[in-house]
Every structure is written in structure tokens, then in C-alpha cells.
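Nothing in this text is a laboratory measurement; each read-out follows from the coordinates by a stated rule. None of these values were measured; they are calculated from a predicted model. In this analysis, Cβ positions are derived from the backbone assuming ideal geometry, glycine residues included, and neighbour counts consider all displayed protein chains.
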Protein chains: 4
Amino acid sequence: MPQVLARPLRSFASDNNAGIHPEVLDAIARANQGHVVAYGDDPYTRSAVEKFKEHFGEGIEVFFTFNGTGANVLGLQALTRPYHAVLCSDFAHIYCDECGAPEKHTGCKLIPLPHQDGKITPELVRRVYHGIGDQHHVQARVVSITQSTEMGTVYQPEEIRGLAGFAHEHGMFLHVDGARIANAAAALGQTLRQATRDLGVDVLSFGGTKNGIMGGEAVVFFDGALGEDFLFLRKQGMQLASKMRFIAVQFEALLTNDLWRRSAEHANRMARALEAEVRRIPQVRIVWKVEANGVFAQLPRPAIEKIKARYFFYPWIEEENIVRWMCSFDTTEDDVKAFAEAVAEAVRG
Amino acid sequence: MPQVLARPLRSFASDNNAGIHPEVLDAIARANQGHVVAYGDDPYTRSAVEKFKEHFGEGIEVFFTFNGTGANVLGLQALTRPYHAVLCSDFAHIYCDECGAPEKHTGCKLIPLPHQDGKITPELVRRVYHGIGDQHHVQARVVSITQSTEMGTVYQPEEIRGLAGFAHEHGMFLHVDGARIANAAAALGQTLRQATRDLGVDVLSFGGTKNGIMGGEAVVFFDGALGEDFLFLRKQGMQLASKMRFIAVQFEALLTNDLWRRSAEHANRMARALEAEVRRIPQVRIVWKVEANGVFAQLPRPAIEKIKARYFFYPWIEEENIVRWMCSFDTTEDDVKAFAEAVAEAVRG
Amino acid sequence: MPQVLARPLRSFASDNNAGIHPEVLDAIARANQGHVVAYGDDPYTRSAVEKFKEHFGEGIEVFFTFNGTGANVLGLQALTRPYHAVLCSDFAHIYCDECGAPEKHTGCKLIPLPHQDGKITPELVRRVYHGIGDQHHVQARVVSITQSTEMGTVYQPEEIRGLAGFAHEHGMFLHVDGARIANAAAALGQTLRQATRDLGVDVLSFGGTKNGIMGGEAVVFFDGALGEDFLFLRKQGMQLASKMRFIAVQFEALLTNDLWRRSAEHANRMARALEAEVRRIPQVRIVWKVEANGVFAQLPRPAIEKIKARYFFYPWIEEENIVRWMCSFDTTEDDVKAFAEAVAEAVRG
Amino acid sequence: MPQVLARPLRSFASDNNAGIHPEVLDAIARANQGHVVAYGDDPYTRSAVEKFKEHFGEGIEVFFTFNGTGANVLGLQALTRPYHAVLCSDFAHIYCDECGAPEKHTGCKLIPLPHQDGKITPELVRRVYHGIGDQHHVQARVVSITQSTEMGTVYQPEEIRGLAGFAHEHGMFLHVDGARIANAAAALGQTLRQATRDLGVDVLSFGGTKNGIMGGEAVVFFDGALGEDFLFLRKQGMQLASKMRFIAVQFEALLTNDLWRRSAEHANRMARALEAEVRRIPQVRIVWKVEANGVFAQLPRPAIEKIKARYFFYPWIEEENIVRWMCSFDTTEDDVKAFAEAVAEAVRG
């Protein structure tokens, strides 16, 4: 083990290792006035919901949850009965990283499709779309994608439109795990609505936590009727905050003066900067296109170990020595340089 | 409908209608420095867990969740298999107010016992303790009580000891929904440990949200072995916060310089003050002993309607015209007086 | 312990302690010819379904399950989402005797109502019909009754019509656990349709096992649309028989030449005979009206113990020394006399 | 569509399309004497359990269920908590053909491994055995195999021993879906014990329905302690038969005078005969080794359609024109010849 040096202030482990954006913390402090009714029946929550409508248009239903797992699982539950199936990438967060929460809570089977650069396609979906009407088979009901993907890539608009089209033609819904939808929309130069509703998405988990808020996620139903019993699903799903105002104002801040885009664009830019730096280092291979705020690199295992002595980060595909480095709203150019230097040094031996 | 006047800054609807105690908000702001590892593997969380050990002693396991429903349900799940039963008061929050979350998530049946002033007794538990070993019956496994109770009363230490004794003699556990355990301990002049672990409690939902934090609850296993797989239950139960430090520091603040006690004692005192005020009003009957931070009153329905035009609060037993008024850490004596006056005025007609 | 005498051939423990009616066993043997398609897509099953339509009318959907628990639980699941509530008697089989299967499988809460002679009323239902639209409360969705009841009584037609009316006016369904619906219809001199569909029942668990078949139950949806995804619920609910023909032909036999009525009437008559015999015995009190095939008696505990040395039967309310004696399709007058004599002897001491 | 000819008496669709073996039906008829206690507390059930001990040895626990789905799902539930994972072939019956029952009922994720001739290997298991101790990942707990496999092949003893070894070294259990364990043991010339317990299997679903009984399956725990709460799991899992004797005697018959082996050997022999016949037909390719009672053949789609006009059977991998033909205890040599002729004729065009 190399000697452990003092840890730097900011790592590249994950955008959820970052703290709270100052505008968000301010919003919390400003909402800390007197009493308001709990569980969402308060003016802060109403105002935040209106903000969502400004961005996504009328006719939607919006509900706040505590975290991404809650948003994903309950969003899927709203669309399914327990004998349904959810089709997703074999690297999807809902498939790999939620400790079986979707299966436990919805009762549904998740059917993994072999991803291509983190994405799935109508062609892949078609291959597992079978057994419809056969009582022995789970019934395909939802296609779920992650935007931006778990591999740091971004679905192009026509790719999402294609998946939505296939889903709808076959009586299915398109669900988007948008833990990093802001990074995707920023990367594509789209509005939030253009990046989701206008492409045929039915339900969106709108991420906040990875884009600078303290904690919270929103489930957005573009056809409000789909969310008609979500109040009950959320409460029974243990995701109803009593002091809802403090989640609501975080989203209000995120959707005000385009903080969501400013933060996401910055994180994306830092990822591109990091990519540029590490591409110069021999023995470092960039595995997937850097299209959002993550850089996925393959490098010799001893080098990985050396870097980890200073910086915490996650292996992504351990057996292939692929690691993930994420940038966030507060990553600085100096952070990038220092990290790239640490990588270069580790690779040199 | 009477004319709606401007709403006062603070209501008596619930202690969760209050905001964040300044010491707690400060702690959040102070923790907003750089990056730390997510999901609880960070120094803030470790420090907060140590704080719990200072209060409750060694050998415990502590886990933070988002809310009380999560703490209760997952604490119960840790103690049960789906064919077990949880015995509780027919007015217990877990029975009445969690939209069936305990049943849905644990699979267990909750068996309601007719409460006496919000409490249950070994005698009542004994009556439904049957069918043990009979495959047709759910198997009694947990006795769950709320301290302080949903009726604002407080179990005496010997009452809890009696329930714990009965539970343990019959192969059951004693679970405490401690959303307001601070109010109970303060009322009894006990330490947190004296109020729980020392009485034989096995698992505690330690409440924060109703005692001045922004959001969060802790599950405390006094026999750490009971929590050995709780990490998985919590994640699968959708209650794992990624930016855990911001929940942890709230509890750290609550357990520092006895903030928990200062806030709870204040709220309790305000409730007694409110009781004293409204006892003077003819036609207002105090229904249960005011032992913690709630006042439960019976008064004529027209008076209730009039008060509600100015103050939001909850009916408790609607058909009997019993309502609930709660005090919180930020209730002031002026608030109490103004409210009592509104009540008096409403009763006068 | 008194000396154990040789056990008689037939007991009064339960109608499911009896074997298979010869006409039913014949039907099984006759169907044992060659191969047919599994899982219900066979001519025997189609024919049995047609038989149900002869009795209950057109527009229904009928599905066979393995047992009453399966029929009840899956019938309820077809009507609910997990945040719903099922209202039933506190002595209902689904509440007391299915080891929590309804809660585990549907996720719903079962709300017990204090029964009156085994029955519930619209008035009792009304008392727990609250919290509608409130996200903290489970939403009342189904009223479930047992006909004939767990106390051997029989709902009068107007009582069921009243419950159906209340349910439908309040957006609920009426479910009937008809494990002994044949005994009730026979007692009332009604056809099966008159006893159920014509009174407003929505879903019926049609019992076979307690009326002389080897094993099987049917779920009957009087509005076929309610059963539209039942094929999937049944398979996922582990209640799909592969050699379905052998369940189907049992029901075909039961519904042919009124075997259902002949068997039920006989069992009812034997119960009345038993009642007449034991009414003559001092110290035996008949607890509920003998309206179907069960006699519920209160008698001194030592006498109970003595009878049990020869005959197996179940305590019904143990602490009150109330026991249950059931008659079945094969109970004989001699059986009744011998048993009554054993009771008389035991009471004499 | 070709003209539909009269259907032959016996098909090759599935061994569960066959009826009841005469020795089994006799056993049912013989047990139809008087009353016995329900739910398994009867001499017939005790005797059948003893029969299992004769075959499998002492120290086991045996429970009867209604069907294979019930046996598999509840056997797995006994070994798991909901955050566990079950590793199995991507063609496993539990993965493909139970409409999501395992996920719905156990809460666990099933992780599919790419099968090789219907089998999985320790090497394949090792690849997905990761994330142990990581709260985000389901925890691998059970390896489940099907013997004989869904492709008609048979695991060799050392293959099962290898899987059991890997499982036990890694804190997992080995579960066998033995819907056709009799065919495997017969093929290998092993006793039932040699084919399971002696190889390190922990829990077995012992199949009856596909080997000539009317309906029923048994869960066998070789370490009885694993089944210690199975009575409750079974009842709550809706798999407890009230007239248990009629399931028990079917197994008694199956285990008497080696009926299980006689029937399985016959079915295996018929499959080999069918293989021999169809191997002579040009354009018919045998896809997997014929080691038990199934023949899997690839042939031109028009030929498949022609054969199906006379014989019902299932496509196995539809897009590759692979079909399944199963033999059963009552398949005759004439059946085989007639079917082979129909195939030959269809292929000729």
C-alpha cells in the first residue's frame, strides 16, 4: 500500500459526493419561516409544482420523493401490476444498484437487455417482447432507460423517440430514470421538456440530488392520469416527506434562473476537461464517449490502486479495470488538473 | 363559512408543521464543505453514530432513514418474517396513518388492541396472544408501542418494563415508535437510555422530524445483532440517503448540548400552558392527560369550525368532536395566548 | 386423560375432514382418459365453465384454484391495489385463519369489524368507512363476507343486498367467501344465482372442498371485466393447476343433478338433527342459530375434554368453552346419535 | 391451414398432459374412507412422509404443496430474505415460466445465467457472484438448477457436486427444481437419495405431477432445520391442502414398488425411441442430447405447422424453429411410431 496522503477536498467519485449548491441551501434557509401544513399541502410545494409546469407544460402531475430509488420504484409501480415486466439495460441502476427494490416493491420482473454503450434499442426490446397473453409469462409493460446513461453517454432525441414509439405501439410505457437528465438536456442543448415529454416519455424520475440539491427527486407524469393514485403509492411506499416544503424549495431553486442547466453544463464541461487531460496519459483508455459528466477509463490495476490511495472512486467493471470518474457542479479546473496529475503519476509507476 | 382572517405564523396543527431549529440548520450549513463518500460511509455519519452511543451506550446499531414510516416499517421488518404479527394499539400510527405501509412491506398482519388513553397493556396483549404454533394463524412476534402516545399521554417506566417483560417471556420483541420519544423522556426526567434501553426496549424509531430537524429518523437496535442485515433492508426499502451526512449532522446537533431535551421540554411546557388556558374556557373538555406536547380537546363542532377558519389543525376523533393541538420547539407563549383566545372567542359563538 | 377409545369412522370436526363424494370420484376416474392440454385449455374445463354459466348466467368469468385461501386472496387481489383496504368480520376466515395470506399477497390491510352472530352490517361498515382520499389512510375498497358464516348462521337475502348496496354506493365491491355457499343457498331454498349474483355480489369464492369434492375452489366474477387479468394473477399466485381437467370435472359433478344441493341439504339436515339431540342435554348451550351445517355449543370444559378423547373437533372460542361441530355430506343419522350420546355421557361426568 | 384430422389419444406436448397412473388413482380411491383430520395431521400424510425418509434418509423435512410453482417458490422463500438473489439458468422454469411468482412472493431478484445445454456451471455462477456485502446489490443466496433440465439433458453427479461445493463455500444453498428428478435419477441409474442429498443438494422440489400423479409436489429439506417455519410459509403461500391425505397417498403410491422409477424409465425409453425414429427423417435435427424424457428438434416451420394440425405441442425457441416433444408414463411404442410418421410425412411436404 502506498502512503496515504491527505485527501483532497473534492473527489471524482460521484456527483452525489458533492454537497449542496449555495442557491439551494439559501432556498432552504429562506423557507424556514413559521409553520406550514405538512405532507405537501403548503404554498412552497404548490409553487414548486408550478415551476415544473413552466418547464414541462400543463397537464402533468408532479410528486416529490426522498431519493432516486423511491422515484424510480414508485414511478414504475404506478404503471404496473405485479405480473408485468420492466425491460431495461443490464447495467441500469434499477437493475443493478437498488438492492432489488423494484422487484420487492412492485412484484414485477426486470428483464435485462445487453446494453450498447449504456443504451438499449427498439431492436433489443423487440427480442424480449414475447409471451404476450401467455399466462406463464410476465407481461412486458414498461421500457425503462437512464438518461444520461450509466456509462456517461447520452441518448440522442431520435433514439428516445424510437423507443417511445415502439413502447406505445406495443401497449407499453416509456420510463426515464433521469437522475442525470439535466446533464443530458444540457449536453443536447435541449429544454427539459424537449428532452423528455416531447420525445414521448411517459414518466420521468427527475433527479435533483446528483445536480446539487441536498436530497430529493421528483416523479413527473406527463399524462397526469397515470399519477392519479400516486399519493397513496408514495405514502405506502414510505416516500412522503412531512416537512415537504424543504424538498420543494430545493427544486424551486434548481428550476429558477436555470440553475439546473448552469450546474449540469459546468459538470459536463469539467468532464470534457478531464477527458482531455487523461487522454494524454499513456495506458489510459477512455471507454465510452464522454457526453455528460462522467469519464470512464480503463487503466492498469496497479495505477488504479495508487490513485485510490488519494482519491476515492468506484470501479465500474472491476474485472476489466474500468473505473468511473464523475464531475459535479462544484468541480474546479484545478481539481481536474490535480486529479489528472495524480493519474499520470500513478501510471508512471 | 366565517370570514377567513390572516393566518398566524405558527399553528398548533402538528410539531411537523414547524420548521428547522437554528442549531440544526447551522449544522447542515457547516457540513456543506467539499465532498464526502455517499451512503453513510463518511465521518459525519460515523460521528453522529458515536453520539448515539454516548446517549444509549455501547453495543447498539444505529441507522438513519428518511422518515418515521421508513424507520417503523424497516425496524419491524428486521424483526419479522411475513407470517408474523405485530400487536399494537388500534390508534397506533403504524396501524392508522401509514397507508398500509407496514403490511405491504413486511407482509405481516398488524393486530389492533383497544387502547386505554393511547396505551396498551400486557393484559391486552395476552388476549390476542394465541394460535402460537398453529399454521393457520399469524405468529405474534412484536409488540409495538408509541411513546409518547398518539393521545399525548406518556407510558410510565414500569408500564414499558411490563410490556417488555411480557414480550420477552413469550418470544416477542418490544418495538417503540419514538417519533416523540424526546417529549416522553423530557416529561419523565429520564435520559434517552433510561427511557428505552434500560426498560427492555429492543428497537427504537428515534424521532427527529417532530423535534426540530428538517427531516430524518433513526432506527436504534439495542441488541446490535438484530440489525445485522439492516443495510440491505434499508436500501431495498428505499430509505438509504446518498448525501447521508446532511441527515447525520441533524442528529448530531439534536444530541449535542441536549438540544433534544431543550426543545422537547419547551414544547411540553407550552402544551401545559395551553392546557391551563383552555381549561378555563367553558365547553372545552380536555380528553386525555396532557403529559407531553399535545392537548386533545373536545368542544362543540361550530366552535371547531370557527377556530379552523384561522388555524389549521386535525380532527382526532371526528365523530366525537375531539381535536388535537400540538406544540413544538418554536411555539411561544404569545402563540399560546393568541390561540387560547381564538378558542375562547369561538366557543362564545 | 380419559382412556382413548377407538375413533369413530366419521367425526364432527369439519366438513373438510370428510372424503370425496362418490359421484365426484367417478368423474375424476372418467376424465382419466388419454392426454389433454394442460393449464385449463381443455374440453373438460370448458365444459365445467359452461356448467357455471348454466347456474349463474352469462357474462361471468370463472377460474379454478386449488383451495379457498387461493380463491379468496386472488379474488381480492383482482379488486384491489395494495393501498386499499378490505372490510370484514373480525372472525372472517380471511382475517383469522389464512396466516396473513391476504395481507402478504395483496399488500392490503384487512379491517376487522365486530361481528354479530358471524355477520356484519352496513352500519358496521359505515363506521370504518373513513379517511377516503386521505393519503395517510388505506382506502376502503372491498366488503368481504362469508356465507354461510363462520358461526354457522346464514345471511338473509336482504342483508346481502343491503351490504352490496352500501358497497356500490361508496365505490366498493362486495366479495363473498363462499366456502359454504351451497349450505347457505340450500338453507334459503335459493338457486346459486339467487344467492349471489342477484343480490349484488361482485366476486364469489365458490367452495367445493367442504361440499364433497377432493380439492378445488372457483373464483366467479359476475362482471367478467373484473377478471380480465385473472389468468396472470392466478399463475403468479401459484394457483394454476396443470392437470386442470381433474379439478374441472369435480365442479362439473358438483353442479350436475344438483349434487351441490343434495350434499348441502343433507349436511344442513344432519346439523339440525344434532342440534335437536344436544339441546336435550343439560349444560349444553347452543350459541348461534343453527342455520347451515354447523352446531356451535358451549359446555363445561371437562366435558369437552372427555368428548375429545373420542372425537377430534375444534374449540371455537376457547376461553368461553365454545366448540364447533360440523356435519358433512356423508354424516349419517347414526353418527349424529352416537356423537350426541358421547356428549351426553361426557356431560354427565 | 391444413385440414384438421382427429386428434390422437395421447400427444407429445408435455408429460403433464397425461392423466393419472392407475396405481395412483387406486391409492386415492382407497384413501376415501371416513374422516381424517385436515391439513396434514393424518395417518396418510405421516405414512407418506415416512416413505420419503425411506428413500432420502432420516433428518429430512417433507412438505406437500399443490404444484411445482408452489414448491419452488416456497422452497426458495425458506432460504432467503427479500434482498437476496437466486442464481439460475436463463431458461429455468422459475425464471421463464412462473409469471414472476418467485419475485412477487419472495421479493428476491432472479439472476439469469446463460445456460449451456440447459445447465449452469460453477464458472457461470462465479461470474455473477459479486457485490457481496455491498448494500446496493442483492446478495447471492441460492443457486437453483433444474434436473432433468428444461432442454431434456441431465446433470452428471459430479456437475451437481461441483455446484453444491461452490454454493456452500460461498454461503449459498443449492436448490433443485426436480419436476423431473425421477427421469434424471432413472437415467443415471441412481436412487433418489444418490441423485440429490448425497450430492450436496439442500432443498428439492420433488415432482409428482409430471410423473403420473394427479396433482402435487413435495418440498424436501435435507437439513430439516431449513424447513423449520415452512408450515407457516406454506399456509401463507396458499399451498396448504385441507384434504391433504389425497395428495399424500399419491406420493405414497409413487414411492411404493418403485413406481416413480418404472414410470420415469418408461418415459425416458420412449423418448429415446422417438429420437431414434426422427433421427432418420431428413431435415429434423436433434438439438440437445436426449437424456431424459424429452426430444428437442429443429425442423422447417411449414413442417411444424403441419404436425401441429394433428398434435398439440409447444415451440421451445420459436425464432429458431425448435420444438419440444415429451414422453410420459403412458406413451406407447405405437404412439411413438404414429407420431414419427406424422413428422416424416410433414417434412416430406
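Per the rotation superposing chains A and D, the chain A residue found at the smallest beta carbon distance from the axis is A:E103, 2, distance in Å. Normalised Debye scattering of segment D:1-65 at q = 0.11, 0.15, 0.30 Å⁻¹ gives log10 I(q)/I(0) of -0.49, -0.72, -1.25, counting only Cα atoms as equal scatterers and leaving out solvent. Across segment C:212-224, rounded Karplus estimates of 3J(HN,Hα) from the backbone phi angles (6.51 cos²θ - 1.76 cosθ + 1.60, θ = phi - 60°) give x, 8, 6, x, x, 8, 10, 9, 10, 9, 6, 9, x Hz, Gly and Pro being marked x. Quick check: Cα centre of segment B:290-349 to Cα centre of segment B:43-74, how many Å? Rounded to whole Å, the Cα centres lie 34 Å apart. Pairwise Cα separations in segment A:1-148 fall into 5 Å bins from 0 onward with the following percentages, short to long: 2, 7, 12, 14, 15, 13, 13, 10, 7, 4, 3, 1, 0. Neighbour counts of C-beta atoms inside 10 Å place C:L226, D:L25, C:L110 in the sequence C:L226, D:L25, C:L110, starting with the fewest. Here the 3J(HN,Hα) profile of segment B:293-308, calculated from phi with Karplus coefficients 6.51, -1.76 and 1.60 at θ = phi - 60°, is 10, x, 10, 10, 10, 10, 8, x, 4, x, 5, 4, 4, 5, 5, 5 Hz, Gly and Pro shown as x.
Close amide-amide hydrogen proximity is noted between A:Y155 and A:T149, each under 5 Å apart and 5 or more residues distant or on a separate chain (H modeled in the peptide plane; Pro and chain starts excluded).
Each residue of segment D:121-135 was assigned a 3J(HN,Hα) from its phi angle through the Karplus expression (A = 6.51, B = -1.76, C = 1.60, θ = phi - 60°), giving 10, x, 4, 5, 5, 4, 4, 9, 7, 8, x, 5, x, 8, 4 Hz with x at Gly and Pro. Between copies, the label points at C:E158 (set 7 angstrom from Cα along Cα-to-Cβ) are spaced 5.6, 7.3, 8.2 nm, reported in nanometres from shortest to longest. Binning all Cα-Cα separations of segment D:259-348 at 10 Å, short to long from zero, yields these whole-percent fractions: 18, 54, 25, 3.
Extending 7 Å from the Cα toward the beta-carbon at both C:K53 and A:Q156 defines two label points whose distance is 5.4 nm.
Summarising the strand pairing of chain A, around 55 percent of its internal DSSP beta bridges are antiparallel. D:E318 label point (Cα plus 7 Å toward Cβ) to equivalent points in the other copies: 3.9, 5.1, 5.4 nm, shortest first. Taking the fewest neighbouring Cβ atoms within 10 Å as the starting point, the ordered list for B:T45, C:T121 is C:T121, B:T45. Expressed to the nearest 5 percent, the antiparallel share of DSSP beta bridges inside the protein assembly as shown is 55 percent. Residues whose amide H comes within less than 5 Å of that of B:L110, counting only those at least five positions distant or on another chain, are B:V86 (H built at 1.01 Å from N in the peptide plane). For the peptide D:12-19, the mean number of other protein chain Cβ atoms found within 10 angstrom of a residue's Cβ is 6. Just name one of C:L254, C:V86, C:V62: the one whose Cα is farthest towards the positive end of the charge dipole of chain C (beta-carbon charges, Lys/Arg +1, Asp/Glu -1). Selected residue: C:L254.
Spin-label model, B:T121/A:E305: points 7 Å from Cα along the beta carbon direction are separated by 6.7 nm. Between the alpha-carbon centres of segment B:209-235 and segment A:93-167 there is a gap of 33 Å.
Note: relative contact order over chain C, using C-alpha pairs below 8 Å and six or more positions apart, is 24 percent. Each Lys or Arg adds one and each Asp or Glu takes one away; over the other residues whose Cβ falls under 12 Å from the Cβ of C:Q135, this sums to -3. Put in line by how crowded their Cβ is, counting other Cβ atoms within 10 Å and starting with the fewest, A:V142, D:V49 read D:V49, A:V142. Residues whose amide H lies under 5 Å from that of A:G212, counting only those 5 or more places away or on a different chain, are absent; hydrogens are built 1.01 Å from N in the peptide plane. Legend: calculated FRET efficiency, A:Q190 to A:H170, from the Cβ-Cβ distance at R0 = 41 Å, rounded to 0.05, equals 0.95.
Restriction of the GluC sites (Glu not before Pro) in segment D:47-85 to DSSP coil positions whose beta-carbon has at most 14 other beta-carbons within 10 angstrom yields D:E58.
Per the Debye formula on identical point scatterers at the alpha carbon atoms of the protein assembly as shown, with no solvent, log10 I(q)/I(0) at q = 0.04, 0.06 Å⁻¹ is -0.26, -0.59. Charge tally around B:C96: other residues with Cβ under 11 Å, Lys/Arg +1 each, Asp/Glu -1 each, net -4. With a ≥ b ≥ c the root eigenvalues of the C-alpha gyration tensor of segment A:22-254, is it rounded (a/c under 1.5), prolate (a/b larger than b/c) or oblate? It is prolate, given that a/c is not under 1.5 and a/b is the larger ratio.
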